[in-house]
Amino acid sequence: MIYEVTIDGKNYRLDLSRADGRWQCRLDGREVDMDAVLTRRDVLSVLIAGKAYEIKREITPTDMHLWVGSVRYAAELRDPRSLRGRKGADADAKGPKKVVAPMPGKVVRVLAREKDEVEAGQGVVVVEAMKMQNEIKSPKKGVMQKMLATEGANVNAGDVLAIVE
């Protein structure tokens, strides 16, 4: 999974995956030797390059902070695939919006046809990746202008699947 992370105002791209029971991590394209375990709610024990850290998450109604030892960092985490992570920015936007594949996979179902009216957050295409089906949602309320995805087609991350206007 790829995340956009902001720590004390500095932006990072974090790519996490799990293989053979271990975490694989790339931070801004650089591989990081690490492992992590959730020890209790909002507390993560992380081993980075042989050094252990305890990271505590503090969530308030307006923001999130991470505590590493006695040092507090302002943190923001965005999952580009998440409609909630976009804070509704595209939901009210004017003009056509592209529905893109967030990961490589295979189109297993097309849920909307051209000229269909769709709601923001409504599923329009289902893409299977690593034996998991992911429903790709409309970024805004509108009319399905163009459906480019077809069932059985292989897609790459970033491929345009549909256009909603």
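The values are calculated or read from the model by the stated rules, or taken from the named source; none is laboratory data. A quick note: this is a predicted structure, and the numbers were derived from the prediction, not measured. With ideal geometry, Cβ positions are generated from the backbone for all residues, glycine too; neighbour counts draw on all protein chains shown.
List of remarks:
- Conditions (1) at pLDDT below 85; (2) out of contact with any Phe, Trp or Tyr (no Cβ under 7 Å at 6 or more places or on another chain); (3) assigned to a strand (DSSP E or B); number of the one not met by Ala74: (1)
- Close pairs (8 angstrom Cβ cut-off, 6 or more residues apart or separate chains): at pLDDT below 90 in segment 118-134, small (Gly, Ala, Ser) and in a strand (DSSP E or B) anywhere: Ala129/Gly105; Met130/Gly105; Asn134/Gly105
Okay, residues lined up against (1) in a loop (DSSP other than H, G, I, E, B); (2) touching a Gly at 6+ places or on another chain (Cβ under 9 Å):
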| site | (1), (2) |
| --- | --- |
| Val99 | no, no |
| Val108 | no, yes |
| Gly121 | yes, no |
| Val124 | no, no |
| Glu128 | no, yes |
| Ile136 | no, yes |
| Met144 | no, no |
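- Residues of segment 19-38 that turn out to be in a strand (DSSP E or B), of a type outside the set (Phe, Trp, Tyr) and surrounded by 11 or more Cβ atoms within 10 Å (Cβ to Cβ), as a count: 9
- For segment 146-155, filtered to residues that are touching a residue at least 40 places away in the same chain (Cβ under 8 Å) and in a strand (DSSP E or B), the residue that is farthest from the chain's Cα centre (by Cα) is Asn154.
- Residues that are over 22 Å from the mean Cα position of the chain (by Cα) and on the phi > 0 side of the Ramachandran plot, drawn from segment 109-141: Lys115
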